[in-house]
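Chemist: Pasting a structure below so you can have a look.
Every number in this text was worked out from the coordinates using simple rules, so none of it is lab data. Here the structure is a predicted model, which means the values were calculated and not measured. Reconstructed Cβ throughout: ideal geometry from the backbone, glycine too, with neighbour counts over all protein chains shown.
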Amino acid sequence: MAVRTYRWVLALVTTGFMIGAAVLYSSLPVNSEPATDHPAPVSALTTTTLEAAAGDCGRLTRQELALSSSREETVSTRYVLEGVTGEVTLPVTGDKACIGVFVADQTAKTTLLAPNGLRVPTELIPRDMDPGTTSFQQDGAAAGKVEATPRHLPTIPGIYRLRIEETAGQDRRNTPAAAPRTTVIVNDNNDLVLHTWLTDNLVDVRQTTEIHAQVRDGEQPVDKVTVTARIYHENGTLVLRREMTPLGQGDFGLKIRPLQLGRFGKVVLDAEGVTAGGRPFRRTGLLEIAGGVAGCRLMRVVGERLTDKALEIDLEYVVVRAGRFHARANLVTAEGEPVAWAQAAAEAALGRHCITLRFARHLLTPGKLVLRDIELTDVTEFPGVKSPTKIGTYAVEQALL
């Protein structure tokens, strides 16, 4: 399939973030690389900035706390078949499904048959629209035509058949002799959903991240499923195709080390199976992973103090490539209730540095407090890349005595 056509297809599936993988593993999980650098005295740490480290803070809500710790997730009720020729079967599980057909040859004839053998009407769709969602397609799509079933037309769950035929006679004189190639998009628009997610994003390519997929019928996971991951470079080149490993409870996993896919690669996930009610189905999901090589390493918490204005937490980090760095963390109670968030940014040269997160004193609550979701990101270039080393939760003690 041409790269332009492939991009048009990807615009019709679902989105998320990615930079893909060259080395893949089948078992889970994988631990992050531990921080093994030698600690330095706090007095030896410096923060190099143009002026001073910029920071701010705010009250943390439960929604923001859940977002900070949640996985990057996309959902899909559709599937995509590329490079279709001749005749193909299309499983449909919804009674409000929409079937869209893109044919590169505008003179080709398409015939869609319902499970009862009757012909299903289709209508031409303007090329700047996605027949499944009415979203605009990307510029530069390949020439051809798009047909789709009318939106108001109910569908019968079951197996549909699509036939693609050449048009004989004068219309074929200026078209290629090969059979017309077709891309099909089926959106079931129901509760049978493919959930796909990443355990982490904006990853350092030296680290592994995990790709997960799960098909759910309502709230129940579907067990009779196979999921295949197709890993693409950001230029559209297929790098690897791998079947995902079943992990139980309908969850499928694949470990990926992002090494050779550019700064923005793609993972296309194809799921195929049978529901508990015996209906065959397909689903397609899309994830994007953004990443690169971070010029920093987050090391440890080196200080805490309570001033008349704020609770201050000092983080030690090592810079191996000069640039701009952003730190962020959440503050919660010992029971996990949200309290506040804080962030700071600094420009730093090579060496060891300290960056300070300041939580305004009026935001603090009585009792023990815990620092979590501690992250340091190299934001010198887009996209930012997280430090390959991490700090877990940190109990604030000395400053609150």
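Chemist: Using amide H atoms built in the peptide plane, which far-off residues or other-chain residues are under 5 Å from residue 396 H to H?
Modeler: Here 369, 370, 371 satisfy the definition.
Chemist: Under 19 Å between alpha carbons, and skipping anything fewer than 8 positions from residue 368 in its own chain: which lysines qualify?
Modeler: List returned: 309.
Chemist: Kirkwood Rh over alpha-carbon pairs of the stretch 281-348, then Stokes-Einstein at 20 °C and 1.002 mPa s: what D in µm² s⁻¹, rounded to an integer? Let's see the in-between values first.
Modeler: On the way: Rh = 15.4 Å.
Rounded to a whole number, D works out at 139 µm²/s.
Chemist: Along each of the three principal axes of the Cα atoms of the stretch 175-246, give the extent in whole Å, ordering the values from largest to smallest.
Modeler: Largest first, the stretch 175-246 extends 47, 37, 20 Å along its Cα principal axes.
Chemist: Follow-up. Which GluC sites (Glu not before Pro) in the stretch 269-357 sit in a loop by DSSP (not H, G, I, E or B) and have at most 15 other Cβ atoms within 10 Å of their own Cβ? Intermediate values should be presented prior to the final figure.
Modeler: Numbers: sites: 272, 288, 304, 312, 316, 335, 347; in loops: 335.
Within the stretch 269-357, the qualifying GluC sites (Glu not before Pro) (loop, at most 15 other Cβ atoms within 10 Å) are 335.
Chemist: How many angstrom separate the Cα center of the stretch 295-326 from the Cα center of the stretch 207-242?
Modeler: Cα centres, the stretch 295-326 to the stretch 207-242: 36 Å.
Chemist: Still on this model: Please give every one of the aspartates and glutamates within straight-line cross-link reach of residue 390, meaning a C-alpha to C-alpha distance under 16 Å, and leave out same-chain neighbours fewer than 8 residues apart.
Modeler: In chain and number order, the partners are 33, 37, 200, 204, 314, 316, 373, 375, 378.
Chemist: Quick one: 124, 202, fewest Cβ neighbours within 10 Å first, how do they rank?
Modeler: Details: 124 9, 202 21.
The fewest-first ordering by Cβ neighbours comes to 124, 202.
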